[in-house]
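This is the structure I want to talk about, given as structure tokens.
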């Protein structure tokens with residue numbers, strides 16, 4: 001039986017004074033105290049990933065090297081498994097991030113590793129030119145990284161000294177270094193203010209950064225024409241950081257600069273941010289925000305991206321088609337884009353006014369937030385789809401929904417179309433789309449919030465750590 005690890009990240013001594021607030025940074029996560037904070041920022045389409053006892057566990061879809069154990073394709077019905085590279089080297093992992101089909105991990109020493117699909121160098125950043133990296137390779141070393149993030153095809157890392165590193169697919173400017181290179185090795189993003197960055201966030205193909213001077217920057221796909229450079233009336237994407245501070249301010253509630261923002265996150269055409277006082281605001285595509293409205297005539301169901309996970313040629317064709325459409329401006333701004341930040345959690349929001357946000361995570365078409373009292377809130381896509389009804393809210397509403405998880409939350413993981421939550425009894429439950437055996441090794445059924453727990457995942461972990469070990473720990 002493996003020795004149980006108590007992880008006290010050495011990165012604590014590296015953190016900038018500017019990072020300090022009333023909670024811990026993402027480098028040290030004490031989720032059993034005042035709130036629950038995700039240690040995984042995952043946008044994987046059909047793969048489950050979590051951190052347990054400093055190990056990375058993977059299940060569900062595991063082709064293209066996603067399992068990380070030296071084999072390109074692992075059957076989706078196989079038992080969940082740990083990434084052995086870190087076990088063999090005695091490394092504890094403290095964060096995981098993932099795009100559509102690649103994974104990166106941050107270890108206790110502040111180094112970053114990557115594996116999975118690498119067609120655009122999104123996994124390895126130049127450490128490997130193979131299209132599929134089947135075992136973790138070290139992407140960043142001796143950079144004192146404290147946070148990692150992934151868009152769909154790009155990866156990002158933030159150092160303790162406020163440097164931003166980016167690598168992967170950059171033909172929509174998402175690498176932020178002034179060019180449109182499809183296969184970008186690790187680059188350092190230059191923030192025009194020259195000030196260190198204290199927090200970052202990403203959308204589907206967009207990145208955000210907030211510096212210690214309170215400036216909010218974005219690059220990549222532009223979610224609103226207001227974010228275009230001053231010399232351009234319209235733009236689809238920007239290739240270098242653009243200052244959007246004035247557009248995201250909400251002086252009436254004290255959000256007067258980026259210094260008042262604790263976390264920033266985004267998805268397909270929207271950005272959402274959490275203030276240091278627990279308020280949440282959103283900006284961008286209204287259909288993925290929680291305005292309390294539901295207009296049948298304003299919906300567009302054609303934005304669903306359907307492809308076969310098991311057909312890698314089909315995935316290549318889809319990516320190439322997206323490249324062809326890079327210059328197509330499909331935003332209907334301002335008809336479907338907010339004119340100002342929209343209150344989602346706070347005194348001016350349509351509902352859940354009493355909630356105070358503790359952590360925030362968005363991906364694809366929606367978001368979830370945890371509160372200081374360990375409740376879980378979800379919101380996002382407005383439609384009649386089953387995904388909307390289960391993950392984002394009740395059918396035919398555009399509101400924040402307070403979920404009723406089983407037990408007291410200790411950890412929340414995510415995916416493109418799924419949420420996994422853990423409780424103090426060591427149980428884990430999955431909600432959302434169950435493709436590729438994410439919730440059960442024998443079926444692909446959808447799961448609602450009243451579904452049974454993921455015993456196959458719990459059993460795999462207990463077989464390693466012992467049945468007295470309580471799962472769902474994040475320290």
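Just the residues that are more than 20 Å from the chain's Cα centre (by Cα) and either farther than 28 Å from residue 169 by Cβ or in a strand (DSSP E or B) (or both), please, taken from segment 85-107.
87, 88, 89, 90, 92
What are the residues in segment 157-187 that are within 22 Å of residue 108 (Cα to Cα) and more than 19 Å from the chain's Cα centre (by Cα), if any? Outline the logic, then answer.
Of the residues in segment 157-187, the ones within 22 Å of residue 108 (Cα to Cα) are 157-167, 186.
Within segment 157-187, 160, 161, 162, 163, 186 qualify.
Cβ-Cβ below 9 Å, separation at least six or inter-chain, first residue in segment 172-195 and at positive phi and without any contact (Cβ under 8 Å) to a residue 12 or more places away in the chain, second surrounded by 15 or more Cβ atoms within 10 Å (Cβ to Cβ) and not in a loop (DSSP other than H, G, I, E, B): which pairs?
If the second residue must be surrounded by 15 or more Cβ atoms within 10 Å (Cβ to Cβ) and not in a loop (DSSP other than H, G, I, E, B), the pairs left are 194/211.
Any residue that is within 21 Å of residue 203 (Cβ to Cβ), crowded, with 24+ Cβ neighbours inside 10 Å and either touching a strand residue (DSSP E or B) at 6+ places or on another chain (Cβ under 7 Å) or free of Cβ contacts under 8 Å to residues at least 12 places away in the same chain (or both) - is there at least one of those in segment 123-144?
Yes, there is a match, as at least one residue in segment 123-144 is within 21 Å of residue 203 (Cβ to Cβ), crowded, with 24+ Cβ neighbours inside 10 Å and either touching a strand residue (DSSP E or B) at 6+ places or on another chain (Cβ under 7 Å) or free of Cβ contacts under 8 Å to residues at least 12 places away in the same chain (or both).
Based on what the data block shows, is residue 439 assigned to a loop (DSSP other than H, G, I, E, B), buried (at least 20 other Cβ atoms within 10 Å of the Cβ), modelled with pLDDT of 90 or more and on the phi < 0 side of the Ramachandran plot?
yes
Can you tell me which residue among 234, 212 is surrounded by fewer than 17 Cβ atoms within 10 Å (Cβ to Cβ) and more than 22 Å from residue 42 (Cβ to Cβ)?
Every option except 234 fails the conditions.
Could I ask something else about it? For segment 255-267, does any single residue satisfy the condition of being assigned to a helix (DSSP H, G or I), in contact with a strand residue (DSSP E or B) (Cβ under 9 Å, 6 or more places away or on another chain) and surrounded by fewer than 24 Cβ atoms within 10 Å (Cβ to Cβ)?
yes
Is it the case that some residue within segment 335-343 is in a loop (DSSP other than H, G, I, E, B) and over 21 Å from residue 224 (Cα atoms)?
Of the residues in segment 335-343, the ones in a loop (DSSP other than H, G, I, E, B) are 335-336, 338-341.
Then keep just the ones that are over 21 Å from residue 224 (Cα atoms); that gives none.
So far as segment 335-343 goes, no, none of its residues is in a loop (DSSP other than H, G, I, E, B) and over 21 Å from residue 224 (Cα atoms).
Any idea how many residues of segment 455-475 are closer than 18 Å to residue 40 by Cα and either at pLDDT below 95 or part of a loop (DSSP other than H, G, I, E, B) (or both)?
Matching residues across segment 455-475 total 5.
When the residues of segment 52-66 are filtered to those that are assigned to a loop (DSSP other than H, G, I, E, B) and free of Cβ contacts under 8 Å to residues at least 60 places away in the same chain, which remaining residue is farthest from residue 88 (Cα to Cα)?
The qualifying residue farthest from residue 88 (Cα to Cα) is 66.
Next question. What's the number of the only condition in (1) crowded, with 18+ Cβ neighbours inside 10 Å; (2) over 22 Å from residue 380 (Cβ atoms); (3) modelled with pLDDT of 95 or more that residue 410 fails to meet?
Of the numbered conditions (1) crowded, with 18+ Cβ neighbours inside 10 Å; (2) over 22 Å from residue 380 (Cβ atoms); (3) modelled with pLDDT of 95 or more, the odd one out for residue 410 is (3).
Can you say whether residue 403 is buried (at least 22 other Cβ atoms within 10 Å of the Cβ), over 16 Å from residue 275 (Cβ atoms) and touching a strand residue (DSSP E or B) at 6+ places or on another chain (Cβ under 9 Å), as far as the supplied structure shows?
Against the criterion (buried (at least 22 other Cβ atoms within 10 Å of the Cβ), over 16 Å from residue 275 (Cβ atoms) and touching a strand residue (DSSP E or B) at 6+ places or on another chain (Cβ under 9 Å)), residue 403 does not qualify.
Looking at segment 452-475, can you tell me whether even one residue there is in contact with a helix residue (DSSP H, G or I) (Cβ under 8 Å, 6 or more places away or on another chain), touching a residue at least 12 places away in the same chain (Cβ under 8 Å), surrounded by 18 or more Cβ atoms within 10 Å (Cβ to Cβ) and under 22 Å from residue 107 (Cα atoms)?
yes
In segment 218-236, what count of residues is obtained for those that are part of a loop (DSSP other than H, G, I, E, B) and over 14 Å from residue 201 (Cβ atoms)?
Total satisfying the criteria: 11.
With the requirement that a residue be surrounded by fewer than 22 Cβ atoms within 10 Å (Cβ to Cβ), part of a loop (DSSP other than H, G, I, E, B) and modelled with pLDDT of 80 or more, what does segment 350-399 give you?
350, 356, 372, 373, 374, 375, 399
Right, another one. Suppose the filter is at pLDDT 95 or above, closer than 18 Å to residue 68 by Cα and either crowded, with 23+ Cβ neighbours inside 10 Å or touching a helix residue (DSSP H, G or I) at 6+ places or on another chain (Cβ under 8 Å) (or both); does residue 158 pass it?
So residue 158 does not fit the description; no.
Say we look at segment 33-52 and pick out the residues that are out of contact with any strand residue (DSSP E or B) (no Cβ under 6 Å at 6 or more places or on another chain) and at pLDDT below 95; which of these is nearest to residue 98 (Cα to Cα)?
Across segment 33-52, the extreme among qualifying residues is 45.
Quick one: would you say residue 172 is out of contact with any strand residue (DSSP E or B) (no Cβ under 7 Å at 6 or more places or on another chain) and modelled with pLDDT under 95?
Values: out of contact with any strand residue (DSSP E or B) (no Cβ under 7 Å at 6 or more places or on another chain): no; modelled with pLDDT under 95: yes.
The answer is no for residue 172.
The values are calculated or read from the model by the stated rules, or taken from the named source; none is laboratory data. Predicted, not measured: the structure shown is a model, and the values here were computed from it. Positions of Cβ are generated from backbone atoms using ideal geometry, with glycine treated the same way; all protein chains shown enter the neighbour counts.
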